[in-house]
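> I have a structure here, written as structure tokens, and I will follow up with some questions on it.
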Amino acid sequence: MIKLFETFDKRSEMLWRSLENMGMSQLTIVMNEDGFLPKSITTPYQFFADYQPKTTDKALFFNELPIPDYWEIEGFNDIAWIKDMGKVRGKIIYSPHFKSRIISKVEWFDTSERVRYVDHYTQHGVKFAESVYDTEGQLILKKYVTQAGKEVIYENYVTKDVVLDWNGKTYLFDSQASFILFYLEQLQIDLRHIIINSLSVPFTVLYNLNQPGADLVFWQEQSHGQIPGNMSMIFNGKMPRKMNVMINDKDEYDTIMKHIDSDAQRYVHHAGYVYHYNRKNGLSNHVLTLTHSDQLDHIETIVRACSDMTFHIAALTEMSSKLMALNAYANVKLYPVANKQTIENLFATCDIYLDINAGAEVENAIERAFYQDMLILGYRDTVHAPMYLSQENIYPKEQVENLTTQLQRINKNRDILLSQLAKQHQAANEISQQDLNHLMRRVLS
């Protein structure tokens, strides 16, 4: 069995990690290389470019990017700018949730400060692709190159063609799907069972795969009651291979089931995610928040109302005087310019996470808190990863008194904390390894 993902976005990562947690460590393929995939995952680019990082290769820090003489790089926590005598010539985009200020992409501007080219880098500091945009900001083409700089794959986003230069020959494909079919053929692997999570290109690949098999579609999107056309093809028996739909989200499962007949319902199954927590919640009254700024709405109100709880606030940079003023409270601990070890220690010892910082999420904080089995509470308009929170613990920031009341209840009664954790696990669509394994075996049999 192989896992075939179009991109390695948050949904794909959750599914991949869930399947890995239940022991399904078979081949995982991501169609679109992003340069920062887990080591066990492969891509068509890696295969055709024979990508093999050297032991001496390392990620490219923002100020290590080669630029013309007299140009400068102005770096910040979340972005960096390339300037020539004050004029912006480019923008450096960091890789999220990797190491601090590591280059993922570099956008190069024309004289009107429009993005015309984007250079793509790997976690080993290798430039592996270049995207070209027209004056309207539309992606025209993307060129993939080997570590030696030789062009190997060329994608035309206008004509949808893909050109492959490989082993001394040039191959032309009229679509990405046909290119992926050729790639799978070259791998010479067992294709009897394939897992996908997209009804786009991966679905087209399975539809055109000229051999029998039984596949699973993990549907991770929201249909809003409108059954996608490709999903209807599964229900109508129009697929050349046997295919079933697995839905992790309980609400979406219920929605789909309400809008299909009993014959179609045979193809739909409620699944979930298998989580492996790094530890059990210690039931302490220590609360953690990571922030890039001093925009923590109502933090003083919360601190004063919950004087028996200890609030740990950490930032990767210096803190403003506004935040430093919180030192006046005995139950507040501040960590300006917190290093990696400090942050790891805080996640290992705190048992509640308060997601109230405006702006970007810091250090993948919410997912990290979830896997530390911390109870997560936050504001509706600033919560960064709502899929990991129970709706009971997401509050309008104008109703901060409800949030403080919940914290007080948790602090006074640890059974309430345990109950809220159970609801958080349920909201994240948790399923046991045994149950998911049994479901998949039954469906594929």
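> Go over the candidates Val205, Val303 one by one and state the one that is in a helix (DSSP H, G or I), touching a strand residue (DSSP E or B) at 6+ places or on another chain (Cβ under 6 Å) and of a type in the set (A, V, I, L, M).
The conditions single out Val303.
> Sticking with this structure for a sec: With the checklist (1) buried (at least 19 other Cβ atoms within 10 Å of the Cβ); (2) among the hydroxyl-bearing types (Ser, Thr, Tyr); (3) not in a loop (DSSP other than H, G, I, E, B) in hand, flag the one item Ser198 doesn't pass.
Against the list (1) buried (at least 19 other Cβ atoms within 10 Å of the Cβ); (2) among the hydroxyl-bearing types (Ser, Thr, Tyr); (3) not in a loop (DSSP other than H, G, I, E, B), Ser198 comes up short only on (3).
> Among the residues of the stretch 273-294, are any assigned by the TED database to the domain that holds Ile410 and either more than 31 Å from the chain's Cα centre (by Cα) or of a type in the set (Asp, Glu) (or both)?
yes
> Additional query: Taking Thr382 as the residue in question, decide whether it is modelled with pLDDT of 95 or more and among the polar types (S, T, N, Q).
Taking the combined requirement at face value, the residue does not satisfy it.
> Between residues in the stretch 88-108 that are in contact (Cβ under 8 Å) with a residue 60 or more places away in the chain and residues that are part of a loop (DSSP other than H, G, I, E, B), which pairs lie under 6 Å by C-beta distance while being six or more apart or on different chains?
Ser95/Phe36; His97/Asn364; Phe98/Phe36; Ser104/Ser95
> Next question. What tally of residues in the stretch 371-399 results from selecting those that are under 25 Å from Gly272 (Cα atoms), of a type in the set (S, T, N, Q) and in a helix (DSSP H, G or I)?
2
> Same structure again: Is the stretch 38-48 home to any residue that is more than 30 Å from Ser198 (Cα to Cα) and assigned to a loop (DSSP other than H, G, I, E, B)?
Checking the stretch 38-48: not a single residue is more than 30 Å from Ser198 (Cα to Cα) and assigned to a loop (DSSP other than H, G, I, E, B).
> Filtering the stretch 68-90 down to residues that are of a type in the set (Val, Ile, Thr) and part of a strand (DSSP E or B), which residue is farthest from Thr122 (Cα to Cα)?
Per the stated criteria, the residue is Val88.
> Just to be sure I understand the filter: pairs with C-beta atoms under 7 Å, separated by 6 or more residues or on different chains, first member in the stretch 174-194 and more than 13 Å from Lys160 (Cβ to Cβ) and assigned by the TED database to the domain that holds Pro240, second member among the acidic types (Asp, Glu) and at pLDDT 95 or above. Which pairs pass?
His193/Asp215; Ile194/Asp215
> Does Gly378 satisfy being out of contact with any Cys (no Cβ under 6 Å at 6 or more places or on another chain), surrounded by 19 or more Cβ atoms within 10 Å (Cβ to Cβ) and within 14 Å of Thr291 (Cα to Cα)?
yes
> Picking from Ala80, Ala129, which residue would you name as being in contact with a helix residue (DSSP H, G or I) (Cβ under 6 Å, 6 or more places away or on another chain) and of a type in the set (A, V, I, L, M, F, W, C)?
The match here is Ala80.
> Another one. Of the numbered conditions (1) touching a helix residue (DSSP H, G or I) at 6+ places or on another chain (Cβ under 8 Å); (2) in contact (Cβ under 8 Å) with a residue 24 or more places away in the chain, Met257 satisfies every one except a single condition; which is it?
Just one mismatch for Met257, condition (2).
> Restricting to the stretch 8-28, give me the number of residues that are without any contact (Cβ under 8 Å) to a residue 40 or more places away in the chain and either buried (at least 21 other Cβ atoms within 10 Å of the Cβ) or not in a helix (DSSP H, G or I) (or both).
7
Here's the yes/no breakdown for (1) in contact with a Phe, Trp or Tyr (Cβ under 6 Å, 6 or more places away or on another chain); (2) at pLDDT 95 or above; (3) of a type in the set (Asp, Glu):
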{"residue": "Glu401", "(1), (2), (3)": "no, yes, yes"}
{"residue": "Thr404", "(1), (2), (3)": "no, yes, no"}
{"residue": "His425", "(1), (2), (3)": "no, yes, no"}
{"residue": "Ser445", "(1), (2), (3)": "no, no, no"}
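> In addition: Exactly one of these conditions fails for Asn210: (1) touching a Lys or Arg at 6+ places or on another chain (Cβ under 8 Å); (2) surrounded by fewer than 15 Cβ atoms within 10 Å (Cβ to Cβ); (3) more than 30 Å from Ile343 (Cβ to Cβ); (4) not basic (Lys, Arg). Give me its number.
(1)
> Let me ask something else. Take the residues of the stretch 338-370 that are in a loop (DSSP other than H, G, I, E, B) and of a type in the set (S, T, N, Q): which is nearest to Tyr94 (Cα to Cα)?
Residue satisfying both the conditions and the ranking: Asn364.
> Could you list, in sequence order, the residues of the stretch 306-317 that are surrounded by fewer than 17 Cβ atoms within 10 Å (Cβ to Cβ) and modelled with pLDDT of 95 or more?
Within the stretch 306-317, Ser307, Asp308 meet the criteria.
> Counting only residues that are crowded, with 18+ Cβ neighbours inside 10 Å, give me the strands (runs of 3 or more DSSP E) lying completely in the stretch 214-287 with at least 2 of them.
Output list reads 214-219, 242-247.
> Under 25 Å from Phe8 (Cα atoms), touching a residue at least 24 places away in the same chain (Cβ under 8 Å) and touching a Gly at 6+ places or on another chain (Cβ under 6 Å): which single residue out of Asn197, Asn248 fits that description?
When all the criteria are applied, what remains is Asn248.
> When the stretch 148-181 is examined, which residues are found to be among the hydrophobic types (A, V, I, L, M, F, W, C) and surrounded by fewer than 15 Cβ atoms within 10 Å (Cβ to Cβ)?
Once the filter is applied, which keeps residues that are among the hydrophobic types (A, V, I, L, M, F, W, C) and surrounded by fewer than 15 Cβ atoms within 10 Å (Cβ to Cβ), the stretch 148-181 yields Ala148, Val158, Leu172.
> Let me ask something additional. Quick check on my filter: what residues within the stretch 333-359 are closer than 21 Å to Asn281 by Cα and among the β-branched types (Val, Ile, Thr)?
Correct list: Thr342, Ile343, Thr349, Ile352, Ile356.
> Wholly within the stretch 400-445, which helices (runs of 4 or more DSSP H) include no fewer than the required count, namely at least 2 residues that are surrounded by 16 or more Cβ atoms within 10 Å (Cβ to Cβ) and among the polar types (S, T, N, Q)?
So the answer is 400-412, 414-427.
The values are calculated or read from the model by the stated rules, or taken from the named source; none is laboratory data. Only a predicted model underlies this, so the values are computations on that prediction, with no experimental measurement involved. For neighbour counting, all protein chains shown are included, and Cβ atoms are generated from backbone atoms with ideal geometry for every residue, glycine included.
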